[in-house]
Every structure is written in structure tokens, then in C-alpha cells.
Number of protein chains: 2
Amino acid sequence: MTVPSGRRERKKAETRQKIADTALRLFLERGYDTVGIRDVAAEADVAVTTVFSHFASKEALVFEQDQGFEQRLTQAVTSRAPHEPLIPALRREIQALVRHCTADGAAPIWRMIDESPALREYEESMRLRHAESLATTIAADPDLSQTTTACRTIARFVIDAYSLARDAADPQTAVDEIFQMIEAAWAVTCPSKNSTGTA
Amino acid sequence: MTVPSGRRERKKAETRQKIADTALRLFLERGYDTVGIRDVAAEADVAVTTVFSHFASKEALVFEQDQGFEQRLTQAVTSRAPHEPLIPALRREIQALVRHCTADGAAPIWRMIDESPALREYEESMRLRHAESLATTIAADPDLSQTTTACRTIARFVIDAYSLARDAADPQTAVDEIFQMIEAAWAVTCPSKNSTGTA
DNA sequence: ACCATAACCCTAACGGTTAGTGTTTAACAA
DNA sequence: TTGTTAAACACTAACCGTTAGGGTTATGGT
């Protein structure tokens with residue numbers, strides 16, 4: 001009981017990591033659909049059931065690193081400077097995230113995702129979860145007093161920005177362009193504040 | 001070749017409809033996950049392969065009626081009055097669509113969809129396709145001269161409005177609220193036109 | 001009448017996922 | 001140390017959506 005501390009936790013983490021690493025390597029080598037769960041399990045030297053005790057689905061193996069995404073967005077909201085406006089803070093974070101996943105090293109992974117409908121669907125679903133989480137965080141901010149609908153809307157728009165910018169020819173510029181639109185949409189929901197007209 | 005017209009077409013349509021009706025009935029009676037494809041096929045008195053020759057997946061059986069969605073949105077853009085602004089036209093269409101799917105008769109179906117992760121994922125994916133199609137239509141409008149990014153962004157926002165409004169306590173009001181935000185976002189991308197401030 | 005083929009059927013399989021049932025081993029208490 | 005508990009893992013067999021392969025019927029065009 002109490003807090004299981006020590007070797008057991010470490011071994012579990014090692015197993016998990018070994019599965020994730022093996023899976024990603026095989027996927028990139030041979031293609032996502034070509035590699036089966038049974039292949040991954042065999043190569044990682046674990047049972048199939050063990051794979052599914054660490055990852056909820058085959059797709060989850062690919063997005064293993066993506067736990068931080070949600071947290072980074074909500075932290076951009078909660079731990080911003082006092083009275084700092086919301087949207088620019090979110091814009092900075094989205095810029096960073098877009099830059100991160102359009103970096104050269106990440107290219108093969110995202111190409112693989114683009115080529116697999118299953119992976120695309122999975123990521124879309126993830127984004128919705130992130131949007132909901134972000135909406136809750138925004139709604140909880142004491143500096144802001146928006147409708148539930150307004151918060152959920154802005155959260156969606158922000159996540160859309162991430163998704164759309166990644167596909168754009170020039171991701172950085174796209175983020176700026178979309179965030180001008182988001183800024184305007186947000187300004188409508190704030191009766192008291194002025195909108196910033198120029199960029 | 002040429003145009004196959006007559007009995008064959010009719011019979012095919014009948015089979016398709018029978019499968020769709022049977023599936024929806026069974027799903028509503030016993031629950032989506034409880035009913036298997038083999039059950040649907042048996043009850044509709046067709047082979048399993050026949051089911052998949054009419055519908056691409058189990059989820060597609062539920063959204064059988066939804067072919068019109070994409071078309072209605074794009075038509076709202078293409079066949080609006082000359083010089084009629086884009087956003088209000090889209091708002092009207094989204095209002096109608098939201099009203100349609102929040103009607104009393106449709107409630108059990110949407111409850112079923114909400115309860116099944118697979119169906120939710122499928123619908124999310126559908127929405128993205130609709131957004132892409134809408135974006136293309138908007139980009140093709142000669143009256144408008146926006147960036148590709150701006151068109152895709154607005155299209156996403158409009159689809160978001162549909163999705164968010166359906167979940168809201170008061171869907172009709174939510175559509176109006178979200179479309180005020182969309183109107184503002186759109187105005188930013190139009191250098192020449194004035195925005196309409198009040199609703 | 002005759003052929004091409006669209007629509008359908010059946011069987012068998014593939015691949016992701018899960019249930020059921022052990023076996024090992026870290027963690028902890030006596 | 002020893003015994004107990006439970007977590008992590010293994011193995012088997014199956015479920016379910018989906019597809020391939022190969023055959024039958026009947027519709028539509030010639």
C-alpha cells in the first residue's frame with residue numbers, strides 16, 4: 001500500500017519506455033499500418049497484453065510524448081503575469097508549440113501521422129480534449145468573466161490555430177494571422193477593454 | 001454502361017435503406033456497442049460484406065442521413081444573394097442545422113452518439129472534412145479575396161460554432177454569441193469593409 | 001439470345017483489443 | 001528471515017470490425 005517507491009516503479013517506467021521506443025522505431029522503419037501490435041510486442045520482448053496495459057491503443061504509442069501539450073497550454077493561462085492579457089500569452093505558447101513540431105527532427109513523425117487516417121483521427125480527438133481543458137482553465141481565471149460559451153469558443157479557436165498553422169506553408173506567419181482573428185473575436189466578448197488594432 | 005436506370009438502382013437503394021434502418025433501430029434498442037455488424041447483417045437479411053459495400057464503416061451507418069450537411073453549407077455560400085455578406089448567410093444555415101439536430105425527435109440518436117467514443121471521433125473527423133470543403137468554397141468566391149489561411153480559419157470557426165452550440169444549454173443563443181465572435185474575426189481579414197457592431 | 005457486370009452471398013482470415021487465468025517479484029510487516 | 005499482498009507481466013483464446021477471395025444471380029445493353 002502507501003506509496004510504492006523504488007525499483008518497481010522504475011522497472012515499470014523502463015518497460016513503458018522500451019515499448020514506446022520500439023514502437024516508434026518500427027513504425028518509422030516499416031510504416032505504421034505495416035507494423036502490427038504483435039510485432040511491437042515481440043520486438044520489445046513483452047506480451048501483447050503488457051503493451052495494452054501501458055497504452056490504451058495502438059495510436060497512443062505514437063503520441064506518447066504528448067502529455068505535456070495540455071499542461072503547457074493551461075499553464076500559459078494560469079501562470080502569466082498579473083493583468084497580462086490572455087490572447088497574447090496563448091499566442092506565444094502556440095508559436096512555441098508550432099515551432100517545436102515543425103522542427104526538422106520531427107518531420108518524419110508528422111509525415112507518418114498525416115499518412116494514416118487512424119492517427120489523424122486520434123489526434124483530432126486529442127485536440128478536442130485539449131480544447132475542453134483549456135476552456136475550463138480560461139473560465140476559472142478570476143481576471144476574466146466570460147460566458148461558458150465564449151470560453152469554450154476561444155479555446156477551440158486557439159486549438160484550431162495550432163492545427164491550421166501546422167498545415168500552412170509558413171506556420172509562423174499563419175499563427176500571427178489567425179491570432180489577429182482570435183484577438184478580434186475575443187475583444188467582442190470583453191465589454192470593458194479596448195481591442196489592439198495594429199500588429 | 002452509360003446511365004444505369006431502372007430496377008437495379010432501385011433495388012440497390014432499397015437494400016441500402018433497409019440496412020440503415022435496421023442498424024439504427026437495433027442501435028437504439030440495444031445500444032451501439034452491444035450490437036455487432038453481424039447482428040445488423042442478420043437482421044437486415046444481407047451478408048456482412050454487403051453491409052460494407054454500402055457503408056464504409058460501422059459508424060457510417062449512424063450518420064447515413066448526413067450527406068446533405070456539407071452540401072447545405074457550401075450552398076449557403078455559393079447561392080446567396082449578390083453582394084450579401086458571407087457570415088450572416090452562414091449564420092442562418094448553422095442556425096437551421098442546429099435547430100434541426102436539437103429537435104425532440106433527434107434526441108435519442110445524439111445521446112447515443114455522445115455515449116460512444118467511436119461515434120464521437122467519427123463525427124469530429126466528419127466535421128474536419130466539412131470545414132475543408134467549406135474553406136475551398138469560400139476561397140473560390142469571387143466577391144471575397146482572402147488568404148487561404150483566413151478562409152480555412154473561418155471555415156473551422158463556423159464548424160466549431162455548430163459543434164459548440166449543440167452542446168450549449170441554449171443552442172440558438174449560443175449560435176448568435178459565437179457568430180458575433182466570428183463576425184469580428186472575419187472583419188479583421190477584410191481591409192475594405194466595415195464591421196457590423198450591433199446584433 | 002447473349003454477354004458483361006453490378007449486386008449480392010459465403011467462407012476465411014487479418015489485426016486491434018480484451019477476458020480469463022496463472023506466474024513472478026517488489027514491497028512490507030512480523 | 002519468512003510470509004503475505006498486490007503489482008507487473010505472460011500466455012491463451014477469443015471478440016469484433018474489416019477485407020480478400022471466389023462464387024452466384026439477375027439486370028441492362030447489344
field: Subset of the stretch B:140-162 [at the interface with chain A (Cβ under 8 Å from one of its Cβ atoms), in contact (Cβ under 8 Å) with a residue 24 or more places away in the chain and not aliphatic (A, V, I, L, M)]
entry: B:Thr147, B:Thr153, B:Arg156, B:Phe157
- prompt: Within the bounds of the stretch A:122-134, is there any residue that is within 17 Å of A:Gly68 (Cβ to Cβ), at pLDDT 95 or above and in contact with a Cys (Cβ under 9 Å, 6 or more places away or on another chain)?
  reply: yes
task: Hey, could you check the stretch B:43-62 for residues that are touching a residue at least 40 places away in the same chain (Cβ under 8 Å) and surrounded by fewer than 18 Cβ atoms within 10 Å (Cβ to Cβ) and say which is nearest to DNA strand D (Cβ to nearest atom)?
output: B:Ser57
- request: Filter the stretch A:171-199 down to residues that are modelled with pLDDT of 95 or more and more than 9 Å from chain B (Cβ to nearest Cβ) and give me whichever is nearest to A:Gln146 (Cα to Cα).
  value: A:Phe179
Complete set of residues in the stretch A:104-135 that are of a type in the set (Gly, Ala, Ser) and within 14 Å of chain B (Cβ to nearest Cβ): A:Ser116, A:Ala118, A:Ser125, A:Ala131, A:Ala135
- request: Identify, by number, the condition in (1) away from DNA strand C (no atom under 16 Å from the Cβ); (2) within 14 Å of chain A (Cβ to nearest Cβ) that B:Ala81 doesn't meet.
  value: (2)
query: Does the stretch A:81-88 include one or more residues that are of a type outside the set (Phe, Trp, Tyr), surrounded by 12 or more Cβ atoms within 10 Å (Cβ to Cβ) and closer than 25 Å to A:Ala169 by Cβ?
result: yes
message: When you check A:Ala76 against the structure, is it more than 22 Å from A:Ala185 (Cβ to Cβ) and either out of contact with any helix residue (DSSP H, G or I) (no Cβ under 9 Å at 6 or more places or on another chain) or not charged (D, E, K, R) (or both), yes or no?
response: no
- line: Checked B:Gly68, B:Gly6 against criteria (near DNA strand D (Cβ under 8 Å from one of its atoms), farther than 20 Å from B:Glu121 by Cβ, free of Cβ contacts under 8 Å to residues at least 12 places away in the same chain and more than 14 Å from chain A (Cβ to nearest Cβ)); the one match is B:Gly6
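Would you call A:Asp176 closer than 15 Å to A:Arg91 by Cα and surrounded by fewer than 20 Cβ atoms within 10 Å (Cβ to Cβ)?
In short, yes.
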task: Please work out if B:Ala107 is part of a helix (DSSP H, G or I), surrounded by fewer than 18 Cβ atoms within 10 Å (Cβ to Cβ) and at pLDDT below 95.
output: yes
query: Given B:Arg72, B:Arg91, B:Arg30, which one is loosely packed, with under 14 Cβ neighbours inside 10 Å and among the basic types (Lys, Arg)?
result: B:Arg30
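Here's the yes/no breakdown for (1) among the charged types (D, E, K, R); (2) away from DNA strand C (no atom under 14 Å from the Cβ); (3) in a helix (DSSP H, G or I); (4) at pLDDT 95 or above:
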| residue | (1), (2), (3), (4) |
| --- | --- |
| B:Glu14 | yes, no, yes, yes |
| B:Arg25 | yes, yes, yes, yes |
| B:Val35 | no, yes, no, yes |
| B:Val40 | no, no, yes, yes |
| B:Glu43 | yes, no, yes, yes |
| B:Ser53 | no, no, yes, yes |
| B:Gln65 | no, yes, yes, no |
| B:Thr74 | no, yes, yes, yes |
statement: For the stretch B:28-42, the count of residues that are touching a residue at least 40 places away in the same chain (Cβ under 8 Å) and near DNA strand D (Cβ under 10 Å from one of its atoms) equals 2
query: Within the stretch A:85-96, is even one residue over 30 Å from A:Met181 (Cβ atoms) and either of a type outside the set (Gly, Ala, Ser) or near DNA strand C (Cβ under 8 Å from one of its atoms) (or both)?
result: no
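The values are calculated or read from the model by the stated rules, or taken from the named source; none is laboratory data. None of these values were measured; they are calculated from a predicted model. All Cβ positions, glycine included, derive from the backbone under ideal geometry; neighbour counts span all protein chains shown.
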